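Working notes for the structure below.
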Amino acid sequence: MPEGYHPDSIYSLAIYMDANLKMGKELRRQISLPANQQHLENVIFVGIGHVGNYRTLRRRDFIPPVFKEGEYQASKSPDFGHADQFYRFLTSELIPGLEGRFQLNGQYSIIGHSFSGLFYYYCLFKNDAFFKNHIALSPSLWVNYDNIFEIEKDLLQKGKRLKGHLYHACGSWEWTNKVLSTSRKMSDTITENHPSIHMNYTEFNGRGHHSMVPIALEEMIEKIEF
(Lines give C-alpha, C1' and ligand atoms only; values in the text may rest on other atoms or scores of the structure.)
Protein backbone atom coordinates (compact mmCIF):
# COMPACT_ATOMS: atom_id res chain seq x y z
CA MET A 1 0.00 0.00 0.00
CA PRO A 2 1.27 3.51 -0.70
CA GLU A 3 2.34 5.75 2.13
CA GLY A 4 -0.70 7.66 3.37
CA TYR A 5 -3.24 5.27 1.85
CA HIS A 6 -6.84 6.33 2.42
CA PRO A 7 -9.81 4.11 1.50
CA ASP A 8 -11.69 6.99 -0.11
CA SER A 9 -8.81 7.98 -2.41
CA ILE A 10 -8.50 6.68 -5.98
CA TYR A 11 -5.50 4.59 -7.03
CA SER A 12 -3.84 2.98 -10.02
CA LEU A 13 -3.03 -0.74 -9.81
CA ALA A 14 0.27 -2.43 -10.60
CA ILE A 15 0.42 -6.22 -10.59
CA TYR A 16 3.80 -7.93 -10.47
CA MET A 17 4.66 -11.60 -10.82
CA ASP A 18 7.17 -13.77 -8.94
CA ALA A 19 6.36 -12.02 -5.68
CA ASN A 20 8.11 -14.74 -3.68
CA LEU A 21 11.26 -14.73 -5.85
CA LYS A 22 14.13 -12.27 -6.18
CA MET A 23 12.36 -9.91 -8.56
CA GLY A 24 9.38 -9.52 -6.27
CA LYS A 25 11.54 -8.91 -3.22
CA GLU A 26 13.64 -6.34 -5.07
CA LEU A 27 10.55 -4.52 -6.32
CA ARG A 28 9.13 -4.29 -2.80
CA ARG A 29 12.44 -2.92 -1.56
CA GLN A 30 12.52 -0.24 -4.20
CA ILE A 31 8.93 0.93 -3.92
CA SER A 32 9.43 1.31 -0.16
CA LEU A 33 12.37 3.69 -0.59
CA PRO A 34 11.52 7.26 0.55
CA ALA A 35 12.82 8.63 -2.77
CA ASN A 36 10.15 6.64 -4.65
CA GLN A 37 7.18 7.01 -2.35
CA GLN A 38 6.06 10.39 -3.66
CA HIS A 39 6.12 9.20 -7.27
CA LEU A 40 4.11 6.11 -6.29
CA GLU A 41 1.75 7.72 -3.79
CA ASN A 42 -1.28 6.89 -5.95
CA VAL A 43 -0.34 3.30 -6.85
CA ILE A 44 -1.32 0.04 -5.16
CA PHE A 45 1.06 -2.85 -5.88
CA VAL A 46 -0.21 -6.44 -5.81
CA GLY A 47 2.22 -9.34 -6.05
CA ILE A 48 1.45 -12.84 -7.30
CA GLY A 49 3.65 -15.76 -6.28
CA HIS A 50 3.45 -19.51 -6.78
CA VAL A 51 3.20 -21.88 -3.85
CA GLY A 52 4.97 -25.19 -4.43
CA ASN A 53 7.02 -26.06 -7.50
CA TYR A 54 7.24 -22.56 -8.97
CA ARG A 55 9.39 -23.75 -11.88
CA THR A 56 6.56 -25.94 -13.17
CA LEU A 57 3.80 -23.53 -12.24
CA ARG A 58 5.45 -20.57 -13.98
CA ARG A 59 5.62 -22.58 -17.21
CA ARG A 60 1.96 -23.45 -16.80
CA ASP A 61 0.74 -19.89 -16.18
CA PHE A 62 3.12 -17.68 -18.16
CA ILE A 63 3.71 -19.59 -21.41
CA PRO A 64 1.00 -19.06 -24.06
CA PRO A 65 -0.58 -21.89 -26.03
CA VAL A 66 1.12 -22.41 -29.38
CA PHE A 67 -0.25 -20.10 -32.08
CA LYS A 68 -0.47 -21.81 -35.47
CA GLU A 69 -2.35 -21.07 -38.69
CA GLY A 70 -4.26 -18.18 -37.20
CA GLU A 71 -5.41 -19.76 -33.96
CA TYR A 72 -4.20 -21.04 -30.61
CA GLN A 73 -3.65 -24.76 -30.17
CA ALA A 74 -4.85 -26.13 -26.83
CA SER A 75 -1.96 -27.41 -24.74
CA LYS A 76 -1.98 -31.16 -24.12
CA SER A 77 0.08 -30.81 -20.94
CA PRO A 78 -1.57 -29.65 -17.69
CA ASP A 79 1.74 -28.08 -16.64
CA PHE A 80 2.67 -26.12 -19.76
CA GLY A 81 1.18 -23.44 -21.97
CA HIS A 82 -1.93 -22.22 -20.17
CA ALA A 83 -1.37 -18.46 -20.19
CA ASP A 84 -4.91 -18.11 -21.55
CA GLN A 85 -6.32 -19.45 -18.28
CA PHE A 86 -4.03 -17.25 -16.21
CA TYR A 87 -5.11 -14.21 -18.22
CA ARG A 88 -8.74 -15.04 -17.46
CA PHE A 89 -7.85 -15.34 -13.78
CA LEU A 90 -6.31 -11.86 -13.79
CA THR A 91 -9.02 -10.11 -15.77
CA SER A 92 -12.12 -12.00 -14.58
CA GLU A 93 -11.30 -12.86 -10.96
CA LEU A 94 -8.35 -11.08 -9.39
CA ILE A 95 -8.78 -7.54 -10.71
CA PRO A 96 -12.59 -7.45 -10.33
CA GLY A 97 -12.07 -8.64 -6.76
CA LEU A 98 -9.59 -5.84 -6.13
CA GLU A 99 -12.02 -3.36 -7.68
CA GLY A 100 -14.49 -4.41 -5.01
CA ARG A 101 -12.00 -3.68 -2.22
CA PHE A 102 -10.29 -0.49 -3.41
CA GLN A 103 -11.12 2.69 -5.28
CA LEU A 104 -9.33 2.04 -8.59
CA ASN A 105 -9.15 4.31 -11.63
CA GLY A 106 -8.96 1.57 -14.27
CA GLN A 107 -5.27 2.23 -15.00
CA TYR A 108 -3.66 -1.22 -14.69
CA SER A 109 0.01 -2.13 -15.13
CA ILE A 110 1.75 -5.49 -15.13
CA ILE A 111 5.41 -6.11 -14.30
CA GLY A 112 7.31 -9.34 -14.93
CA HIS A 113 10.65 -10.99 -15.60
CA SER A 114 11.65 -13.87 -17.87
CA PHE A 115 8.64 -16.17 -18.41
CA SER A 116 6.27 -13.60 -16.93
CA GLY A 117 7.79 -11.03 -19.29
CA LEU A 118 6.75 -13.33 -22.13
CA PHE A 119 3.28 -13.50 -20.63
CA TYR A 120 3.03 -9.71 -20.78
CA TYR A 121 3.64 -9.77 -24.51
CA TYR A 122 0.83 -12.30 -24.75
CA CYS A 123 -1.36 -9.81 -22.87
CA LEU A 124 -0.21 -6.95 -25.10
CA PHE A 125 -0.94 -8.88 -28.28
CA LYS A 126 -4.48 -9.57 -27.18
CA ASN A 127 -4.89 -5.91 -28.16
CA ASP A 128 -7.86 -5.35 -25.85
CA ALA A 129 -6.36 -2.35 -24.01
CA PHE A 130 -7.06 -3.98 -20.65
CA PHE A 131 -3.65 -3.00 -19.29
CA LYS A 132 -2.16 0.47 -19.64
CA ASN A 133 1.51 -0.48 -19.05
CA HIS A 134 3.24 -3.72 -20.01
CA ILE A 135 6.64 -3.96 -18.28
CA ALA A 136 8.74 -6.90 -19.49
CA LEU A 137 12.20 -7.53 -18.02
CA SER A 138 14.33 -10.01 -20.00
CA PRO A 139 11.24 -11.69 -21.48
CA SER A 140 11.61 -15.27 -22.70
CA LEU A 141 10.45 -14.53 -26.24
CA TRP A 142 12.33 -17.58 -27.54
CA VAL A 143 9.82 -20.04 -26.04
CA ASN A 144 8.22 -22.46 -28.53
CA TYR A 145 10.68 -21.42 -31.24
CA ASP A 146 9.86 -17.69 -31.09
CA ASN A 147 6.15 -18.42 -31.43
CA ILE A 148 5.19 -15.06 -29.89
CA PHE A 149 6.25 -13.42 -33.16
CA GLU A 150 3.60 -15.44 -35.00
CA ILE A 151 0.95 -13.79 -32.84
CA GLU A 152 2.24 -10.35 -33.75
CA LYS A 153 2.36 -11.31 -37.43
CA ASP A 154 -1.30 -12.35 -37.30
CA LEU A 155 -2.24 -9.00 -35.74
CA LEU A 156 -0.44 -7.19 -38.52
CA GLN A 157 -2.11 -9.23 -41.25
CA LYS A 158 -5.49 -8.38 -39.75
CA GLY A 159 -4.64 -4.68 -39.83
CA LYS A 160 -4.54 -4.28 -36.06
CA ARG A 161 -2.10 -1.85 -34.46
CA LEU A 162 -1.04 -1.88 -30.83
CA LYS A 163 -1.54 1.03 -28.47
CA GLY A 164 -0.55 1.70 -24.88
CA HIS A 165 2.80 1.76 -23.13
CA LEU A 166 5.55 -0.85 -23.25
CA TYR A 167 8.76 -0.97 -21.21
CA HIS A 168 11.21 -3.68 -22.32
CA ALA A 169 14.67 -4.17 -20.82
CA CYS A 170 17.34 -6.86 -20.98
CA GLY A 171 21.05 -7.31 -20.29
CA SER A 172 23.84 -7.10 -22.86
CA TRP A 173 25.20 -10.45 -21.62
CA GLU A 174 22.01 -12.36 -22.44
CA TRP A 175 23.36 -14.04 -25.56
CA THR A 176 23.30 -17.71 -24.62
CA ASN A 177 19.71 -17.64 -23.34
CA LYS A 178 18.51 -15.96 -26.59
CA VAL A 179 16.93 -13.11 -24.65
CA LEU A 180 19.09 -10.39 -26.18
CA SER A 181 18.62 -11.46 -29.81
CA THR A 182 14.86 -11.93 -29.48
CA SER A 183 14.54 -8.67 -27.55
CA ARG A 184 16.24 -6.78 -30.35
CA LYS A 185 14.04 -8.52 -32.89
CA MET A 186 10.92 -7.58 -30.91
CA SER A 187 12.05 -3.98 -30.50
CA ASP A 188 12.50 -3.68 -34.26
CA THR A 189 9.15 -5.37 -34.88
CA ILE A 190 7.22 -3.08 -32.55
CA THR A 191 8.96 0.05 -33.83
CA GLU A 192 8.28 -0.81 -37.47
CA ASN A 193 4.77 -2.21 -37.21
CA HIS A 194 3.15 -0.38 -34.29
CA PRO A 195 4.13 3.30 -34.26
CA SER A 196 1.20 4.21 -32.00
CA ILE A 197 2.59 2.33 -29.00
CA HIS A 198 4.85 4.16 -26.57
CA MET A 199 7.85 1.86 -26.25
CA ASN A 200 10.90 2.26 -24.04
CA TYR A 201 13.57 -0.31 -24.90
CA THR A 202 16.82 -0.55 -22.90
CA GLU A 203 19.83 -2.87 -22.95
CA PHE A 204 21.89 -2.67 -19.76
CA ASN A 205 25.57 -3.03 -20.54
CA GLY A 206 27.42 -5.73 -18.62
CA ARG A 207 24.26 -7.19 -17.06
CA GLY A 208 22.91 -10.72 -17.21
CA HIS A 209 19.47 -12.28 -16.82
CA HIS A 210 19.23 -11.64 -13.08
CA SER A 211 21.74 -8.86 -12.50
CA MET A 212 19.76 -6.56 -14.80
CA VAL A 213 16.66 -6.69 -12.60
CA PRO A 214 17.56 -4.10 -9.91
CA ILE A 215 18.73 -1.45 -12.35
CA ALA A 216 15.80 -2.11 -14.70
CA LEU A 217 13.33 -1.67 -11.85
CA GLU A 218 15.01 1.61 -10.92
CA GLU A 219 14.58 2.91 -14.46
CA MET A 220 11.04 1.55 -14.69
CA ILE A 221 9.94 3.36 -11.51
CA GLU A 222 11.49 6.58 -12.77
CA LYS A 223 10.01 6.50 -16.28
CA ILE A 224 6.62 4.79 -16.05
CA GLU A 225 3.48 6.79 -15.30
CA PHE A 226 1.29 4.26 -13.55
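Before moving on, here are some points about what is shown:
- Full-stretch length increase - residue 35, residue 175 - with 0.36 nm per residue and alpha-carbon distance subtracted: 47.0 nm
- The modelled label-to-label distance between residue 192 and residue 130, using points 7 Å beyond Cα along the C-beta direction, is 3.0 nm.
- Span-like helix ranges in the chain, DSSP H, alpha carbon extent 15 angstrom or more, Kyte mean at least 1.0: 115-125
- FRET efficiency for the residue 211 to residue 57 pair, using the beta carbon distance and R₀ = 30 Å, is estimated at 0.75.
- Over the chain, dividing the summed -39,500 (n - 2.57) contributions of all DSSP H runs of at least 4 residues by the number of residues returns a 222 nm mean residue ellipticity of -11000 deg cm²/dmol.
- For the chain, the carbon plus sulfur part of the accessible surface works out to 48%, probe radius 1.4 Å.
- Remark: spin-label model distance residue 5-residue 99 equals 2.0 nm, labels positioned 7 Å along the Cα→Cβ axis.
- By the rule of a C-alpha distance below 25 Å, with chain neighbours fewer than 8 residues away ignored, the lysines paired with residue 153 are 68, 76, 126, 132, 163, 178, 185.
- Simple Cβ-charge dipole of the stretch 74-226, Lys/Arg +1 and Asp/Glu -1, about Cα centre, in debye nearest 20: 260
- With 0.36 nm allotted per residue and the present C-alpha distance subtracted, the residue 163-residue 20 stretch has 48.4 nm of extension available.
- Structure-derived volume of the Cα convex hull per residue in Å³ - corresponding label in (i) 224; (ii) 121; (iii) 140: (ii)
- Cβ-based net charge around residue 109, under 10 Å, with every Lys or Arg adding one and every Asp or Glu removing one: 0
- Full-stretch length increase - residue 91, residue 68 - with 0.36 nm per residue and alpha-carbon distance subtracted: 5.8 nm
- In the complete set of protein chains, residue-level accessible area for residue 207 is approximately 80 Å², probe 1.4 angstrom.
The values are calculated or read from the model by the stated rules, or taken from the named source; none is laboratory data. Quantities reported herein were computed from a predicted structural model and do not represent experimental measurements. Positions of Cβ are generated from backbone atoms using ideal geometry, with glycine treated the same way; all protein chains shown enter the neighbour counts. Heavy atoms of the whole protein, side chains included, go into the accessibility calculation; ligands, DNA and RNA do not. Shrake-Rupley method; radii C 1.70, N 1.55, O 1.52, S 1.80 Å.
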